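A short write-up of the structure that comes next.
The values are calculated or read from the model by the stated rules, or taken from the named source; none is laboratory data. Because the structure is predicted, anything quoted here is derived from the model rather than measured. Reconstructed Cβ throughout: ideal geometry from the backbone, glycine too, with neighbour counts over all protein chains shown.
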Amino acid sequence: MIGGWVGKILRIDLSTQKISFEDTMKYAKDFIGGRGIAAKIAWEEIKSPIDPFSPENLLIFMTGPLTGTLAPASGRTIVCGVAPQVYPTPWFTRSNMGGQWGSELKYAGFDGIIIKGKSEKPVYLYIHDNEIEINDAKDLWGLDTYSTQKMILNKHGKDVKVACIGPAGENLVRISVILTETENAAGQGGFGAVMGSKNLKAIAVKGSGYVKIADPEFFLELCLAIKKELTTTQHIPIKPSLDPEQSIHGQRLQNCSHSCYVHCCLNHFYKSVPGIVSPGINTGQFHCISPLFPGIPNTYYDWNPGFRGGFEASVLSNKYGINQWELIIGTFAWLRKLKQEGILTHIDGMEIDLNDPKFWYMTLKKIAYREGKIGNALAEGGPRAAEILNIGKEYIPLFWAAYGYTGHWDGRGDKINPIFYPVWIVSAIQWATDTRDPFSSSHDYVAGVSMWSKVIKWEDIYKISERIYGSSKATNLETPYEYKAQPAIWHQHRSVLKDSLILCDWAFPRIFSLATEDHYARIETSKGVIEGPLIEYYFFKTVTGLDISKEELDKITERIFNLERAIQIRNHNRSRKDDEAIIPYFEYEEFFVGPLGKREKLDREKFKKLLDEYYELRGWDIETGRPKSEKLIQLGLKDVALELKKLGLIN
Amino acid sequence: MSFSRISSKVSREITPPKFIISIDNEKCTGCRSCELACSIFHEGISSPSLSRLNILRDFIYGENSIEICKQCEGPECMLACPVEDAMFIDEKTGARIINEEKCIACGNCARACPFNENSSIIRYNPNKNVYIKCDLCYFRKDGPICVQICPYGALSYVSYR
């Protein structure tokens, strides 16, 4: 028996309203699910650079074999397509959201949905137990994300799960999100605007079906063991509690994703926070970047619109459907800088003042509705806004790292995550060779090493490095430019695996632990001890029942990564030159002072040598940064090798 | 299913429950792991609609409530069952249990249950054509699986009285 996948992918052409089905297993054995299957579909069907807002763009929602099972945080979904946020040229990339929508889609009978075309009028989809309705969304168009969900729940029942867009997506804001529940969003890439361009307001799903589990007994055992293991980390509280002072704001325990037993965001839900600018009560999840809306004293983000003002702004951005990460690390931080430098002091007569809740409120509204010259420009995302307004371009690299994405775990753009030299050298390789901010599904090395080094001894980290990467130099403070390509590749493949199964980035892979003497994560089962980094493999095998070796699963992740690179090469002529475009950004001094006691910046020549090593290890050509044809063939991508060769793009 | 079972004795008289699953809605985070663990343990598949307990979520206000069999002292479900021995009481736990071998799927139990307005405490399982309800995992060595998987202690397995 094969478990995990439910068997069908749904295709909808909104231009013709044509609905068809495809067998998931056509793709699953070679590309797993989620990001892997989406890459295969994009390779086959997005063959040239296309306008993200054109009907021919695909909007792919894909779950994985673990979605809807008891594997921790398995409710996640990957969203892929040509992303309008990408700068300067939109290209195919991915985003990912939690919540319960992905599980419900599988219970309704589908592993994924591929949406093409453009509806003549606003519509929403209602998918329930293999039935597909394309319904009029006249009454929903214009509503915010909370109201849209409430309306759909009122109509189709309280158990329905909805992924939808707000006004920002409708108005093709390039930093708009697809949101489910109060704060789970496919946030990066601007996929909300792709949905808006297709006149698709929401996708509601409801299912009474099931996901088969090949070995239910061992699967339950694994889940119970991992539940115990998940509470042995240092960055996730073992048992978060409610703050008595926050009872006034109705603080609640609320989890983020279906079947999640990680405690990372549990006490970040508030159900009754009075508005400051607008009367009424605000409610919602307030996690990850949200606590930066009210600002945090003694950090770079030390603005202070107050808790209530910040909470109101956070909820408003979720209701409009605007990317919070981009707003905080990018837009608002950049606007404050422009004000400080005297470049821009007012927006449509209103002073730029991040201590004023009204400034946040009005600016969010201007972005969502593209109001005024500045609001309309900010709706294009920071780098495009600087170009359109012809101001503040010199400050763009202070906040935006590459591809139109603000910095993240790189020691510069985001000035809150405590990463330091030389940890960000691995970050630089990952940024250089990805299609987006790599770190929404690859916190493992950057956050892992940065944060665990404050809790356990460096010697323990070195030993664990030796075990998983093959050398302690992978994390050694004394060897900054040695052995960094290996961990970068290892983690890129783990990121692919997580995004394809799909599992939560905060929970996997398990590497460090407080429960073991050597601080290496492992779990005990009736079939023996399983090392932390192998847990995903055992989950995959136990749920699907596929007889697959660890090496074969690794090879699939490498195949997917190479296929994504091939799409870049064919559609955008991607080469080493483009990868090296990240270098100037890392030549700025790092923001934090690390354990070596001073601020460092990237050494260009040494980094180029590291890139040589990276391409070599990948079986890519050092000059061009493109996979060699024999590498692609070895990975089972012969058709890809032939096509790239025929186009003269590889040798 | 190959789960190891522990032996149980059956009572034909209606005796009070010995154990129940007690709920604390304030501690429920709405993750619904319990539903999935339940359906995997009992049915071998992952499916909230075949779970023997139900989590009602209001995601806008972060309110969750748990619906699960109370193992009533005077179980209306048992009294309504027309088939002899199609429902029985496990002596060790006092759980009120549907015997799937004998259930004729008439649904009298589900209609008789005073707490079943959402059809989630006693449910119909179309795969087996039987009704299903919480059996306190009476044959499981470590007790109810939902209690064990719950990450925040919203469910607890306690003595009755």
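Would you say B:Ala80 is farther than 30 Å from A:Tyr146 by Cβ and within 11 Å of chain A (Cβ to nearest Cβ)?
Judged against the criteria, B:Ala80 is not a match.
Filter the stretch A:120-151 down to residues that are of a type in the set (Val, Ile, Thr) and farther than 20 Å from A:Ile12 by Cα and give me whichever is surrounded by the most Cβ atoms within 10 Å (Cβ to Cβ).
Checking each candidate, the answer is A:Thr145.
Is it the case, given these coordinates, that A:Leu220 is within 14 Å of another protein chain (Cβ to nearest Cβ), surrounded by fewer than 21 Cβ atoms within 10 Å (Cβ to Cβ) and among the hydrophobic types (A, V, I, L, M, F, W, C)?
In short, no.
Going through A:Ile456, A:Ile567 one at a time, which residue ends up being surrounded by fewer than 19 Cβ atoms within 10 Å (Cβ to Cβ), farther than 30 Å from A:Leu70 by Cα, touching a residue at least 60 places away in the same chain (Cβ under 8 Å) and of a type outside the set (Ser, Thr, Tyr)?
A:Ile456
Looking only at the stretch B:37-61, how many residues end up being touching a Gly at 6+ places or on another chain (Cβ under 8 Å), crowded, with 24+ Cβ neighbours inside 10 Å and of a type outside the set (Ser, Thr, Tyr)?
1
Can you tell me which of A:Gln324, A:Gln340 is free of Cβ contacts under 8 Å to residues at least 24 places away in the same chain and in the same structural domain as A:Val273 (by TED's automatic domain parsing)?
The match here is A:Gln340.
If we scan the stretch A:495-503, do we find a residue that is touching a residue at least 12 places away in the same chain (Cβ under 8 Å), on the phi < 0 side of the Ramachandran plot, touching a Leu at 6+ places or on another chain (Cβ under 7 Å) and part of a helix (DSSP H, G or I)?
yes
Which of the helices (runs of 4 or more DSSP H) contained wholly in the stretch A:149-259 include at least 1 residues that are within 30 Å of A:Ser513 (Cα to Cα)?
So the answer is A:216-230.
Based on what the data block shows, is B:Leu79 farther than 12 Å from B:Cys134 by Cβ and within 13 Å of the chain's Cα centre (by Cα)?
Here the answer is no, as B:Leu79 does not meet what is asked.
If A:Ser241 satisfies all but one of (1) hydroxyl-bearing (Ser, Thr, Tyr); (2) under 21 Å from the mean Cα position of the chain (by Cα); (3) more than 10 Å from chain B (Cβ to nearest Cβ), what's the number of the condition it fails?
(2)
Looking at the stretch A:77-115, which of the residues that are of a type in the set (S, T, N, Q) and not in a strand (DSSP E or B) is surrounded by the fewest Cβ atoms within 10 Å (Cβ to Cβ)?
So, considering only residues that are of a type in the set (S, T, N, Q) and not in a strand (DSSP E or B), the one surrounded by the fewest Cβ atoms within 10 Å (Cβ to Cβ) is A:Thr89.
Spot the failing condition for A:Thr299; the list is (1) away from chain B (no Cβ under 14 Å); (2) more than 20 Å from A:Leu378 (Cα to Cα); (3) among the polar types (S, T, N, Q); (4) buried (at least 18 other Cβ atoms within 10 Å of the Cβ), and only one is missed.
Tallying (1) away from chain B (no Cβ under 14 Å); (2) more than 20 Å from A:Leu378 (Cα to Cα); (3) among the polar types (S, T, N, Q); (4) buried (at least 18 other Cβ atoms within 10 Å of the Cβ), A:Thr299 fails exactly one: (4).
Among the candidates A:Ala368, A:Ala379, A:Ala333, single out the residue that is in contact with a Pro (Cβ under 7 Å, 6 or more places away or on another chain), in contact (Cβ under 8 Å) with a residue 12 or more places away in the chain and not assigned by TED's automatic domain parsing to the domain that holds A:Tyr481.
Of A:Ala368, A:Ala379, A:Ala333, the one residue that is in contact with a Pro (Cβ under 7 Å, 6 or more places away or on another chain), in contact (Cβ under 8 Å) with a residue 12 or more places away in the chain and not assigned by TED's automatic domain parsing to the domain that holds A:Tyr481 is A:Ala368.
Which one is farthest from B:Ser22 (Cα to Cα) among residues in the stretch B:61-96 that are touching a residue at least 40 places away in the same chain (Cβ under 8 Å) and of a type in the set (Ser, Thr, Tyr)?
Applying the filter and picking the extreme gives B:Thr93.
Going by the structure shown, is A:Phe286 within 14 Å of chain B (Cβ to nearest Cβ) and in contact with a helix residue (DSSP H, G or I) (Cβ under 9 Å, 6 or more places away or on another chain)?
yes
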